[in-house]
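Written below as structure tokens is the structure these notes are about.
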Amino acid sequence: MEGDTLFVCRYCSFQSSFKDYINHLPFHRHVTKKLPCGVENCDRIFQTESGLRSHVINFHAISVRQCYDKTSVVALTQNSKFVCTASHCSKEFGSLSLLVKHLKSHIDAGLKVKCPYPSCLKSYGLKSSLTGHLTRDHRGTVTVTEPLEDDNSIPEANFEYVDEPFPGQLLSDCSVPNNPKFDKQLWMDSFAQFYMRLEHQYLIPEKTVQYISSELHLLQRMNVNLISNLLQSHLEKEGVSTDKVSDILKTCVLPAMQPIETLSTSYRRKKYYKKYYEYVRPVKQPLGRNKFFYYVPVQKTLLASFKNKSVKIVLSPPESFDDGVLRDFTDGLAYKRNQFFIDNPTALRLILFQDAFQIVCPIGFAKKKYKILAVYMSIGNLPDYLRSHVKSFHLIALCKDRELNHELVFGRIVKDLLDIEKNGLYVPGVGLVKAGLAFIAGDNLGSHAVGGFNENFSKSIYFCRYCTVDRKTFFSNDGPFLTYPQRTPAVYRECLLGENITTKKGVKFDSEFNKLSSFHVCDFGLPPCYAHDCYEGFAKYDMALFIHYFVGEEWFTYEDLNNCIESFPYSEAHRRDKPQPFEEKFKHVKGKAWSIHILILLFPLIMKNFILNAEDEVWKCFLLLAEIVEILCSPTIHESYVPYLRGLIFEYIQNRIKLFPTVELRPKHHYFMHYPELILMFGPLMRVWTLRFESKHCFFCRCAKFSRQFKNILLSLSVRHELHQAFIRCGSDGFSSLQYTKSQAFLFEAFCPEIQEAVRGAGLSLSIRACCKVSFKGTKYCKGEILALNQSYYQEDIVFGRISLILITPDESLFFLVETLQSIFVPHIRAYSVIGSSLPHYKCVKHNDILAYFPLHNYKIHNGSYIRLKHALIAKPL
């Protein structure tokens, strides 16, 4: 029962009954509008009160009270049926939704119908008007068996919440809840979080926030003066003494000014934020004369992370599987062989990333002066869908790129990492926690800078950090296919003792990170970023070669290509990063990494009508590249596909050399050859790439743009970021794995027998909800999208399913009601042609049973229907 259960606020120490808990949450409205469950050990968060109320009723079996007024009640007959309000019609229905559907049939027949709510006298002759009225004026209503009592109580009855996810509960009497007890600190926090959201979430300039603060201060003072004068006049008329009146005003009215006064200036606001929230102060570190960088202490950042109300860190060993499927970096051999993590399986698995970015126009005179190098940290213990969230990345250091000193900047970070690695970190409520460095992500330039390797890829003799290949040998006849000695910690130490280029083999200095026991740059500590190596490294140049060849063979013209790129019906996910136009003078395709990825993925469909010869050697070479990209993009890879991928890459490089002998390979082609081994070491390469980290740069660029303060830009950016992190740690970025808003009861009798049979075949009960949109672990699913359901073998025909409804069970399991689609794999365009069917066949599948969690798009082009996979389906043995 509700009265026996305490609902605990995740943002403060408040705990009470459900109705007081609901009334308390608006105090935190500036942190987030989402509603946490409140039941102990439940992390679910909801968008609406109806969703929260339903979750508490059905998932936790706690009866909670629904408050209402008489205008929000729909009357039922004694046998709990809804009666039609149209004249000369007395049909009865089992639910309000069926009654409304019936009323609309009367409107179709030309009749005017009365609103089904007895207290509402409005009538409508248009279906849209009736729907708008019900949505606008009777949302969140309760139904109750007739007759309705005149007093404020309702006898025990069948209740139906019109917008509640799981209706039909029997609830007790309810009344309007009282306001929660006044809390001075909550009041102050509400004001402070309002300002924090404006300044550090929306990045509104400080001057604008100060203007808002000053106006609020003035309006509040005017309001307090008005209330004081009215109250004083009234009390004096009642004969209250002057001293007593003064005491009442001082006690009851004047405190209303305190939050405004306390937060009246920018200095006072920052002082309050730093005192009451989990703020980590950036520390200025010297780099020489008039040079410095700002360091955010790792220990304090980790301590603050454990107090983060948005994300909960769970210290447990990584989940182990024996099925040969690589799902995350913890499945890779580099992690499994790491002695530190073997000895400390519950330690924090830290991930670092460093990169330089511009905060001003990269063409202007200040491009070098304001090029910033940032070091970020992520916690690998979080699930991948949380770990990749930009707000989960922590700032560790900010430095001007031209002032970087490897020993001083990275040495300061390593000093703290060594202490945590050896002595651990005491976390209140958790105990002693150790942490190790799992890997350092970065593009090639950044990884070589961190590892102490040569950073010149166009002229350097030794350009690879994984082996000791030299440029002359690589560009020889069989050079790309030779096996070169692997770089190991022992080889690295030998190179450090070298006295010339030949003996140093591309190693310039010993990396500071090698001092850690959990990490070495040559013990697979620097994973690749395939977005930089493939898309921005060589694929954009190879794609230009292919396009120029096809134009030369008169398959199409550049104008034809650009017209097709512009007119292609992209999915919503691809439209934002659609390929850029291509011109004859281009030596490589334009666009960012993901734009190039989409071009490779969709090029066969975009230019389907212009493929003159599917057996053309260059076209086959392109298809090899497309297949390799599909495999590299896969979030799960079975180990048996690694030899197959190695063969594809060798074949692609061979064909590329044979077809375009006058165009040299690029060093990134060599990195490509290492990918099969690197997948075994790091797991799926999309788990260690850098694109999500690079999205973090946008925050600092926006801060610089809106603040317009460049005098000490490092201090401004680091302080702003940590204040933003303090706001996040208040709970503003709370995440629930399952999120949905609009849903309704799934009425079996309203659907055809085939759908009923499919739902019952999945073992679902009658108490399920249906919706058209849902977000699960960060991936959005919508009605009409395509899911991959079944495939016997790799590149065989796939059974797809078009989402008809999304079903949610009372225990919040996710199911999809899909219309199955048979398909045929078309090799020369690497797409699946959908086979039409005269009779639809339905199937109900659980989310865990689908082949790939990314929804797909059905492209209806060239008088056909085609589905293009976003990645290869290679989670099963080859």
**Complete:** Filtering the range 761-782 down to residues that are in contact (Cβ under 8 Å) with a residue 12 or more places away in the chain, more than 28 Å from residue 692 (Cβ to Cβ) and open to solvent by 40 Å² or more (accessible area, probe 1.4 Å) yields 761, 765, 766, 767, 772
**Prompt:** So which residues in the range 585-598 are open to solvent by less than 70 Å² (accessible area, probe 1.4 Å) and either under 23 Å from residue 693 (Cα atoms) or without any contact (Cβ under 8 Å) to a residue 24 or more places away in the chain (or both)?
**Reply:** 591, 593, 595, 596, 597, 598
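Scan the range 15-36 for residues that are in a helix (DSSP H, G or I) and not hydrophobic (A, V, I, L, M, F, W, C) and jot them down.
Those that are in a helix (DSSP H, G or I) and not hydrophobic (A, V, I, L, M, F, W, C): 19, 20, 21, 23, 24, 26, 28.
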**Request:** Return the pairs, sorted by first residue and then second, in which the second residue is among the basic types (Lys, Arg) and open to solvent by 50 Å² or more (accessible area, probe 1.4 Å), the first residue lies in the range 91-104 and is assigned to a helix (DSSP H, G or I), the beta carbons are less than 6 Å apart, and the residues are 6+ apart or on different chains.
**Result:** 104/127
**Message:** What's the number of the only condition in (1) open to solvent by 10 Å² or more (accessible area, probe 1.4 Å); (2) outside any loop (DSSP other than H, G, I, E, B); (3) without any contact (Cβ under 8 Å) to a residue 60 or more places away in the chain that residue 448 fails to meet?
**Reply:** (1)
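Restricting attention to the range 332-389, and to residues there that are basic (Lys, Arg) and without any contact (Cβ under 8 Å) to a residue 40 or more places away in the chain, which single residue is nearest to residue 728 (Cα to Cα)?
The qualifying residue nearest to residue 728 (Cα to Cα) is 387.
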**Message:** Name the single residue that is nearest to residue 603 (Cα to Cα) among those in the range 850-871 being more than 22 Å from the chain's Cα centre (by Cα) and in contact (Cβ under 8 Å) with a residue 40 or more places away in the chain.
**Reply:** 868
**Prompt:** Of the residues 264, 228, which is more than 26 Å from residue 396 (Cα to Cα), part of a helix (DSSP H, G or I) and either in contact with a Phe, Trp or Tyr (Cβ under 9 Å, 6 or more places away or on another chain) or modelled with pLDDT of 90 or more (or both)?
**Reply:** 228
**Message:** Looking at 27, 18, 7 in this structure, which one is among the aromatic types (Phe, Trp, Tyr) and open to solvent by 10 Å² or more (accessible area, probe 1.4 Å)?
**Reply:** 27
**Request:** Could you tell me whether residue 43 is more than 17 Å from residue 734 (Cβ to Cβ) and either modelled with pLDDT under 90 or of a type in the set (A, V, I, L, M, F, W, C) (or both)?
**Result:** no
**Request:** Scan the range 702-741 residue by residue and report those that are open to solvent by 10 Å² or more (accessible area, probe 1.4 Å), among the hydrophobic types (A, V, I, L, M, F, W, C) and outside any loop (DSSP other than H, G, I, E, B).
**Result:** 706, 715, 719, 730
**Request:** Sort out which residues of the range 641-692 are buried (at least 16 other Cβ atoms within 10 Å of the Cβ) and not in a helix (DSSP H, G or I), and write them in order of number.
**Result:** 660, 665, 666, 683, 684, 688, 689, 690
**Asked** In the range 247-275, what count of residues is obtained for those that are more than 20 Å from residue 191 (Cβ to Cβ) and surrounded by 12 or more Cβ atoms within 10 Å (Cβ to Cβ)?
**Response** 3
**Request:** Give the residue that is nearest to residue 600 (Cα to Cα), with candidates limited to residues of the range 551-584 that are outside any loop (DSSP other than H, G, I, E, B), open to solvent by 70 Å² or more (accessible area, probe 1.4 Å) and modelled with pLDDT under 95.
**Result:** 575
**Request:** Among the candidates 134, 103, single out the residue that is modelled with pLDDT of 75 or more, within 18 Å of residue 50 (Cβ to Cβ) and out of contact with any Lys or Arg (no Cβ under 8 Å at 6 or more places or on another chain).
**Result:** 134
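Every residue, every condition in (1) open to solvent by 10 Å² or more (accessible area, probe 1.4 Å); (2) within 23 Å of residue 538 (Cα to Cα); (3) of a type in the set (Lys, Arg), yes or no:
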{"residue": "442", "(1), (2), (3)": "no, yes, no"}
{"residue": "460", "(1), (2), (3)": "yes, yes, no"}
{"residue": "476", "(1), (2), (3)": "yes, yes, no"}
{"residue": "493", "(1), (2), (3)": "yes, no, yes"}
{"residue": "507", "(1), (2), (3)": "no, no, no"}
{"residue": "513", "(1), (2), (3)": "no, no, no"}
**The listed residue being aromatic (Phe, Trp, Tyr), over 30 Å from residue 596 (Cβ atoms) and either open to solvent by less than 50 Å² (accessible area, probe 1.4 Å) or without any contact (Cβ under 8 Å) to a residue 24 or more places away in the chain (or both), out of 524, 519** = 519
**Pair list, Cβ < 6 Å and 6+ apart or interchain, from the range 709-737 residues that are under 30 Å from residue 51 (Cα atoms) to residues that are of a type in the set (A, V, I, L, M) and in a loop (DSSP other than H, G, I, E, B)** = 730/31; 731/31; 732/31
**Request:** Search the range 567-583 for residues that are within 15 Å of residue 855 (Cα to Cα) and pair each with any residue that is not aliphatic (A, V, I, L, M) when their beta-carbon atoms are under 6 Å apart and the residues are at least 6 apart or on different chains.
**Result:** 570/578; 571/857
**Asked** Hey, which of the strands (runs of 3 or more DSSP E) in the range 786-856, taking only ones fully inside, have at least 2 residues that are among the small types (Gly, Ala, Ser) and open to solvent by less than 70 Å² (accessible area, probe 1.4 Å)?
**Response** 798-808, 831-835
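The values are calculated or read from the model by the stated rules, or taken from the named source; none is laboratory data. What you see is a predicted model; the values in this text were computed from it and never measured. Please note: Cβ atoms are built from the backbone with ideal geometry, for glycine as well, and neighbour counts cover all protein chains shown. Side chains are part of the model used for accessible areas, which takes the heavy atoms of the whole protein and leaves out ligands, DNA and RNA. Shrake-Rupley method; radii C 1.70, N 1.55, O 1.52, S 1.80 Å.
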